[in-house]
Amino acid sequence: MSAVLAPNGKPAKERKRRRLKPWQLMPYVFVAPFFILFLTFGLFPLLFSAYASFFRWELTAGLGNMKWEGLGNYAFVLQVNDLPWSRFFSGEFWSELYARDFWRAMYNTFWLGIVSGLPQHLIAVPLAFFIHTKFRRARNPVIAMYFLPYITNTVAITLVFSSLFSRDFGVINQVLTGLGHLELFGIHPLAWLFPAQNVDWGRPEYTRPIVSFIVWWRFVGWNTVLYLSALQTIPKDLYEAATIDGAGLLQQFRYITVPLLRPMMLLAVTLTIIGNLQLFEEPFILTGGSGGVGQVAETVAMQMYKVGLNDGDFGTASAVAWLMFMVIAALTWLNNRTLGRKD
Amino acid sequence: MSATQLIAQAVTTPAARTNQKSRQAKLLRALKPSEWLPYAIVMLGALIMLAPFYFMFVFATHTNTEILSVPPPLWFGSALVDNFRELVALRPHFWHSVGLSLWIAAAATALNLFLCSLGGYAFAMYEFRGRDKLFAGLMATMLLPAFVGMIPFVLLMKEIDWLNSTRALIVPGACSAFGVFLMRQYISSAVPRELVEAARMDGCGEFGIYWRIVVPLIGPAMGTLGLVSFIGSYNNFVGALLVMSQQEMFTAPLVLRSLQGTGQTQWGAISAGSAITVLPLVVIFILYSRRLIEGLSAGAVKG
């Protein structure tokens with residue numbers, strides 16, 4: 001701003017022309033806190049990690065001892081040189097790929113992101129439509145019940161979940177085996193669906209489903225609220241006209257609700273993509289920070305944390321961070337192209 | 001009911017009879033699965049949403065042996081005080097940590113209310129060069145993945161010597177983009193421009209206009225933003241994990257996390273700690289859930 005304000009030595013005429021009125025200057029002062037804080041604590045770390053990803057840099061060495069590494073960190077993270085490329089179409093290539101840390105973390109992140117994210121939207125859209133059309137008095141309490149998980153403390157609630165999922169005393173096993181042993185007229189009608197024995201949820205094949213379930217549980221209500229608020233902006237006479245034309249509820253949903261919800265779907269799915277690809281808290285707490293047996297639930301964000309702050313290898317961790325950034329950016333762009341298309 | 005309506009009802013007895021018939025039909029229809037099943041599914045889902053909270057509070061009142069028994073307790077017990085005693089024995093700083101969490105959240109909320117409303121006021125009420133570009137930039141920052149800058153963030157905190165201090169958790173989040181956006185939307189709809197101009201004519205300074213005219217008019221938006229900021233800051237686990245390494249500076253989520261997996265897991269103490277950590281949030285939510293939900297989604301719709 002100092003360039004715009006005329007210094008005192010200038011001729012009076014020019015000074016008069018250049019001096020800003022308070023209402024021209026003050027808005028910059030008023031919006032400055034946000035931009036100063038964002039540049040310092042948001043953008044600077046982000047860009048600095050891009051810079052740092054080209055250097056070899058250990059925790060103990062300090063800022064002065066950064067060694068230029070070029071794309072070395074990226075090559076070290078990706079490890080694509082000695083993959084059996086010739087056997088690309090056989091399982092061997094993919095299991096070899098899965099054995100590399102970064103690719104496994106990427107696979108886990110996508111697994112968790114899709115299995116927790118897709119059901120969020122597949123359930124939230126019809127649920128919001130149903131609440132919007134059918135509920136009157138009970139509307140707000142129902143929404144509140146679904147929304148409550150979103151505002152809770154992840155650490156506290158994930159710890160509760162890990163006790164609920166316990167093998168011997170967990171409530172979930174009690175409910176499942178209870179339903180399996182349910183006896184009606186001398187037969188067990190649900191025995192084929194529910195387990196007879198307690199399920200050992202600690203086994204690695206269950207880790208990812210449990211994490212996905214917790215993430216789904218936390219965010220399905222949030223998405224429902226987003227869709228509900230968009231539904232309220234759809235004019236009622238559209239539905240009335242459709243009713244007069246003989247369209248049923250399902251047809252109204254298909255031909256009025258879904259197309260008009262598209263902008264909100266774009267936003268909600270974008271938020272889910274950005275959030276799920278940075279997934280950290282739920283798997284971190286549930287697996288005690290380790291990623292579980294065989295690192296089946298170690299996400300990219302967890303790996304970045306481990307490499308950077310536990311192992312102290314900042315260069316490699318920054319490369320992981322920027323690979324993650326590029327994936328997020330690419331997916332957000334792709335999502336924008338598909339859901340955000342105008343026709 | 002007015003007289004004309006009464007007369008109308010008395011005269012049209014055939015219509016009333018069909019009305020009764022249709023009520024019967026309605027009742028029959030309500031018994032069909034396609035009618036009640038969706039409601040049942042929605043209610044079952046709501047129960048799944050609430051169940052973890054219920055068991056958290058139930059387990060908080062039971063001893064470890066009771067929780068580990070089969071079947072697990074389904075109703076409240078009497079070991080709440082013992083659980084807290086055990087929790088404090090395991091982690092002497094626990095209550096201090098809860099206080100620290102509350103203090104950090106309160107300070108971050110106060111700063112957010114002030115700085116976001118000030119910024120939102122500027123974006124809503126002033127014409128200045130680059131305003132729209134700056135606002136678009138502000139909106140875009142909401143989509144930036146914060147995790148990518150995590151490691152340089154820690155280094156920065158180390159350089160300016162903010163590690164293990166509450167500043168590190170208060171200042172970086174002191175003015176959220178969402179807050180500025182929310183305030184801009186609200187101020188541009190709730191504060192008449194003429195009022196601002198009139199105050200300026202009368203010689204009120206620019207900050208004076210904000211403080212004396214705008215702030216008293218934006219109570220509802222302040223309430224919503226206050227709730228959002230408080231909850232966000234109170235729940236901040238990753239930030240605390242990055243900057244707090246000394247036990248005395250642990251926030252409540254960090255203490256809870258440290259209880260996990262140390263020898264035999266003390267489920268009673270963990271549940272009690274979780275319950276007391278979540279309790280402020282549940283209380284806030286019961287009191288203000290509507291305003292919170294509406295505020296959060298209003299931002300999304302208008303954006």
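The values are calculated or read from the model by the stated rules, or taken from the named source; none is laboratory data. Fair warning: this is a prediction, and the values are worked out from it, not measured in the lab. Cβ sites come from the backbone with ideal geometry, for glycine too, and all protein chains shown count toward neighbours.
Might you check whether a residue that is closer than 30 Å to B:MET125 by Cα and either within 13 Å of chain A (Cβ to nearest Cβ) or surrounded by 15 or more Cβ atoms within 10 Å (Cβ to Cβ) (or both) occurs anywhere in segment B:235-258? No, segment B:235-258 has no match at all. The lone criterion from (1) at pLDDT below 90; (2) crowded, with 20+ Cβ neighbours inside 10 Å; (3) more than 17 Å from the chain's Cα centre (by Cα); (4) within 8 Å of chain A (Cβ to nearest Cβ) left unmet by B:ALA269 is number (4).
Every test in (1) closer than 19 Å to B:LEU102 by Cα; (2) within 8 Å of chain A (Cβ to nearest Cβ); (3) crowded, with 20+ Cβ neighbours inside 10 Å; (4) in contact (Cβ under 8 Å) with a residue 12 or more places away in the chain is passed by B:PHE285 save one, and that test is (4).
In this structure, A:ARG262 does satisfy being charged (D, E, K, R), more than 9 Å from chain B (Cβ to nearest Cβ) and touching a helix residue (DSSP H, G or I) at 6+ places or on another chain (Cβ under 7 Å). Within segment A:320-334, identify whether any single residue is hydrophobic (A, V, I, L, M, F, W, C), over 30 Å from A:PRO45 (Cα atoms) and assigned to a helix (DSSP H, G or I), and answer yes or no. Looking through segment A:320-334, none of the residues is hydrophobic (A, V, I, L, M, F, W, C), over 30 Å from A:PRO45 (Cα atoms) and assigned to a helix (DSSP H, G or I).
Would you mind telling me which numbered condition in (1) without any contact (Cβ under 8 Å) to a residue 24 or more places away in the chain; (2) surrounded by 18 or more Cβ atoms within 10 Å (Cβ to Cβ); (3) among the hydrophobic types (A, V, I, L, M, F, W, C); (4) within 29 Å of B:GLY232 (Cβ to Cβ) A:ALA138 fails? If we test A:ALA138 against (1) without any contact (Cβ under 8 Å) to a residue 24 or more places away in the chain; (2) surrounded by 18 or more Cβ atoms within 10 Å (Cβ to Cβ); (3) among the hydrophobic types (A, V, I, L, M, F, W, C); (4) within 29 Å of B:GLY232 (Cβ to Cβ), just (2) comes out false. Among residues of segment A:265-281 that are hydroxyl-bearing (Ser, Thr, Tyr), those with a beta-carbon under 8 Å from a residue that is surrounded by fewer than 23 Cβ atoms within 10 Å (Cβ to Cβ) and assigned to a loop (DSSP other than H, G, I, E, B) at least six positions away or on a different chain give the pairs A:THR270/B:LEU143. Taking the numbered list (1) more than 16 Å from A:ALA99 (Cα to Cα); (2) in a helix (DSSP H, G or I) in turn, A:GLN303 passes all entries but (1). Of everything in segment A:277-286 that is buried (at least 23 other Cβ atoms within 10 Å of the Cβ) and facing chain B (nearest Cβ under 9 Å), the residue that is farthest from the chain's Cα centre (by Cα) is A:ILE285. Just one residue in the set B:TYR210, B:TYR186, B:TYR121 is more than 26 Å from A:GLY42 (Cα to Cα) and among the hydroxyl-bearing types (Ser, Thr, Tyr); that residue is B:TYR210.
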